[in-house]
Structure formats: structure tokens, C-alpha cells
Amino acid sequence: MYRKHFFFSLAIVAMLLVGSLAASAQTGQLRGHVLMVGSDGKEVPAAGAIIDVYRVDVAGKYNTKTDKKGNFVFAGLPFTGDYVIAASAPNARPDALSGVKAGREIDFKLTLQAGDGRRLTEAEAKSMGGSSAPAGGGSAPSESAEDRKKREELIAKNEEIKAENSKIEAANATVTRTAKAGNDELALKHYDQAIALYDEGLAADPTHPGAPVLLTNKTIALTNRGVDRFNEATKANNAAALDSARQDWRAAVESGNKAVELMKAQPVPTDPAALQRYNTSKYLALSVRAEAYRLFVPKVDQAQADAGWTAYQEYIAVETDPDKKLKAALKAANMLLDAGASDKALAAFQKVLEGNPDNIDATLGAGLSLFQSGDKAKFQEAANYLQRFVDKAPDGHPLKASAKESLEYLKSQENIKPEKPASGGRRRG
């Protein structure tokens, strides 16, 4: 049976949204200046004048004072609001300007005449002017064709940002929902439902920062569904079902490759917490893809052996657990052996033996690689490896009987006997 138990976290949706994806808020600058008319009729900057801005369409109030040059500015008022600006100063009659919008790149002008220094209430400020013109002696700047074009461009851009924000918010909601629901279905081994949910999330935004996680979990679901179909088809001797399993494994490799591709395209975070989440997602994507290749290469497309080998090397490079590194190296070598790439498999097993000379699985793999090559010139070395495995493997090892049969074949059919190790050393091979 080819049932594979996966030990990956299914609750990794928490790392989908590293940060807010919403575009910048729809705010704009509101600025202007206040002039004071002196007794000589000349206008001079009104320094320290009190500026009250009232929002007309909804409740809202903002306050500041003019600087030494009579200028004032509000850095971030809601772009869509309608405002009234009121100005007051000692010994001056207050002025108000209505029909004001933020973010239009207009320098609003208010002019104060001599007066009692009274400060307008909100109701007074709102009632002093018309819907689009200043009141109380103030004056709104005339809008040139260039200013109008600039204003219209700003409005259009803001509408574009608003639409993009809505799209992003909808995609965030869909990705979060489908990831959680898909993971729940995956935990229950409801692979059809899980795959459908992951596909829904990916369709909402294929380049979403959470897409690699959706693709990684989709790869797990496809791989496991393929295993189930393969096992059922083998029992029933059903060729059509076998083809469905192969299609799942092919789709799993495609999904795994896409997950890794998207992870590599993402900028590496500098924040320690974000970097940890990024590394975890990348690790999962690489390890899950390697597992998908382990089944795909020997059972679907043996010509992809090199691609499978590369996938394993990329996973091994990020694996920090020595035991898992060794297991992955053996899986990669066995994948090559199962795909008929005996020479490459032999090199892979021998590389394992360089660092782990007593590893019985690598010893067996090296022997089988030589035997599988069909090159009789290599049968002696194959027999040496196989005998070493038989000598060291416990009786309960599932492949010990097969190794003995291969040895018996070499002895009886090829007249090859394992060489005894040289005194004080190991057998050749």
C-alpha cells in the first residue's frame, strides 16, 4: 500500500495575512491662509488666527491655528467630506467659507475685517455661506482649467483606490474563509471539498500573499486523494481509477511548484516575527512539493526524475533536523531508483553512505541500483552491498527477504558470490 501519513500543520491559515493589505486610507490635505485687512486697507497675514473646520455631511470638527505667515493645514481629512472653514482672531470679524473639499490641492483664502474678535459657533459657521461660495467677506479661489483637470484626476484616482480597496477586502475575506474551511475539510480527509475551497480562495486572488499556503495545502489534498485512488484502483484492478490517481499526482506537483514559485517571488521580511512566518511557509511549500514528486516521478512521469531530485535538494537545504535530512536524502535516492535512474540512484545512495557508512537502507539501495542497472560488470559490487545489508538488517526488515532472493539469483544464475571483506576492513563497495 502507498498510504503516506502527513505530519504538516493544518492550522497554518494564521500566517496567511502577515499585515494589512488595504490601500492607503482615502484622506486628503486641506490647506489655506488667512489675511487681515488693516486700517490702511492693506491685507497682511493673520498669524495665530483660530481655524475651525466643521464637516457638513456628517458630524466632525477639526481645529488649528495659523502660523506666522497666516497659513494653516490639515494633513488627513476624509476626501469625500463636505466642510466649512471658519476663521477668527482678536479684534477681527469672523469669516467662514463653505463648499470646501479636502485633497483638491486648493489653497483656500479667508479674509478678516476689523471687528469684535468673536468666534463663530458651528451653527453660525454653517449658516453664513452658500453651498459653494464663501461668506462673511471671504473668497474662494477661482479654479483654472489646469486645477479642474488636476481635481478630476484626483477624484478618479480616489475612486480607483476605493474600488481596489473593496477588491482587496473581498479577496482577504475569501482567502481567510476558504483557507480555514479547506483546512478543516483536509483534517477530515474530505479531499474533494478541501480542494474546491482552496481553488475558490485562489480564484479570488491568485497573487494573494496567502496563495502559497492555499497551494501547499491543496498539494497535500491532491497527493492524499491520489494515494486513496491508487490503493482502491489496485485492489479493484481498475485502470480508469489508476489514471485518476496519476492525474491527482500530476496536479499536486503543479500546485506544489506554483506554491514554491510564489514564495520565492515574495520579498523576504525584515521583521523577526514576519520572517519566522515566511520561513515556515517556505519550508512547508518545499517539503510538501518534494513529497508530491516522490509519487509523481516513478508512477506518472519518470522523465521528471531530475526535477524531482532538484525539489528534494531545495527542501533538504532548508531542513534543519539531521534525521529529517537523512530521511529526505533516502527518499530522493529511492525516487530515482523507482524511476529506473539506476546510475543517479547509486550516486545518491553512496553520498548518504559517505556520511552514514552503516546505514542499512542506503546499503540496500546501492546494491539494488547496481543490480537494476543490468550491467553484469556491476553485479559483483551489487552482491557485496546486498550481503552487507542482509548481515546487518534485522529479521523484521520488510525488504530483507527480497534482498536474499536477489543474492540467491546472483549466486545461482550469474555465479557471483559476495566477496568477504578484507582483513580489518570492509567489503569492496
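The values are calculated or read from the model by the stated rules, or taken from the named source; none is laboratory data. All values reported here derive from a predicted model rather than from experimental measurement. Don't worry about glycine lacking a Cβ; one is built from the backbone with ideal geometry, like all the others, and counts go over all protein chains shown. Side chains included, ligands, DNA and RNA excluded: accessible areas come from the protein's heavy atoms. Shrake-Rupley method; radii C 1.70, N 1.55, O 1.52, S 1.80 Å.
In table form, for the structure just shown:
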| read-out | value |
| --- | --- |
| Search result, residues across segment 30-63 that are within 30 Å of N172 (Cβ to Cβ) and out of contact with any Asp or Glu (no Cβ under 8 Å at 6 or more places or on another chain) | V58, A59, G60 |
| Test result for G38, surrounded by fewer than 13 Cβ atoms within 10 Å (Cβ to Cβ) and farther than 24 Å from N158 by Cβ | yes |
| Residues of segment 7-58 satisfying the condition of being modelled with pLDDT under 85, of a type in the set (A, V, I, L, M) and in a loop (DSSP other than H, G, I, E, B) | L10, A11, L16, L17, V18, L21, A22, A23, A25 |
| Filtered residues of segment 54-70 (kept if surrounded by fewer than 16 Cβ atoms within 10 Å (Cβ to Cβ) and touching a residue at least 40 places away in the same chain (Cβ under 8 Å)) | K61 |
| Residues of segment 340-380 satisfying the condition of being over 21 Å from S402 (Cα atoms) and in a loop (DSSP other than H, G, I, E, B) | N356, P357 |
| Scan of segment 223-282 for residues that are in contact with a helix residue (DSSP H, G or I) (Cβ under 7 Å, 6 or more places away or on another chain), basic (K, R) and open to solvent by 70 Å² or more (accessible area, probe 1.4 Å), ordered by number | R229, R246, R250, K258, R277 |
| Cβ-Cβ under 8 Å pairs, at least 6 apart or on other chains, segment 224-239 side touching a residue at least 24 places away in the same chain (Cβ under 8 Å), far side of a type in the set (D, E, K, R) and open to solvent by 40 Å² or more (accessible area, probe 1.4 Å) | N224/K4; N224/K189; R225/D192; G226/R246; V227/R3; V227/K4; F230/K299; N231/R3 |
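Yes or no, residue by residue, for (1) over 48 Å from the mean Cα position of the chain (by Cα); (2) more than 19 Å from S342 (Cα to Cα); (3) at pLDDT below 95; (4) assigned to a helix (DSSP H, G or I):
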site: A382; (1), (2), (3), (4): no, no, yes, yes
site: D391; (1), (2), (3), (4): yes, yes, yes, yes
site: D395; (1), (2), (3), (4): no, yes, yes, no
site: P398; (1), (2), (3), (4): no, yes, yes, no
site: S402; (1), (2), (3), (4): no, no, yes, yes
site: S406; (1), (2), (3), (4): yes, no, yes, yes
site: L410; (1), (2), (3), (4): yes, no, yes, yes
site: N415; (1), (2), (3), (4): yes, yes, yes, no
